[in-house]
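Reviewing the structure listed below.
What follows draws every value from the coordinates through simple rules; no lab data is involved. Quick caveat: nothing in here was measured; it's all calculated off a predicted structure. With ideal geometry, Cβ positions are generated from the backbone for all residues, glycine too; neighbour counts draw on all protein chains shown.
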Amino acid sequence: MIGGAGGVLAGFGVTLIYAAAQGWPAVVPLWAVAGGLGATLLIGAVAGLYPAIRAARLAPTEALAA
């Protein structure tokens, strides 16, 4: 989640800089921020849970050897 928050902040910063350079008002919709954080949590959960579930089905010595 920290990485996702960092990505949202970086994206917001780049958006502010680009908008200022073009003379535009900076607008970052709340749905984009929530979507970025939600995607980060979903991907992190799948990436963490899938290997953990597979390892839980193995004997401890097999899980450590694999």
ask   = Expressed as an acute angle from 0 to 90° and rounded to the nearest 10, what is the orientation of the C-alpha long axis of helix 2-22 relative to the principal long axis of the chain?
value = 20 degrees
task = Binning at 10 Å from 0, report for the chain what percent of all alpha-carbon pair distances ends up in each bin.
result = 19, 31, 20, 15, 10, 5, 0
query = For residue 47 and residue 18, what does the FRET efficiency come to when R0 = 30 Å and r is the distance between their Cβ atoms, rounded to the nearest 0.05?
reply = 0.45
task = State the extension gain, in nm to one decimal, for the chain segment bounded by residue 26 and residue 39, taking 0.36 nm per residue of separation less the distance between their alpha-carbons.
result = 2.4 nm
query = Taking Cα atoms, how many degrees apart are the long axis of helix 30-56 and the longest axis of the chain, rounded to 10 and kept between 0 and 90?
reply = 10 degrees
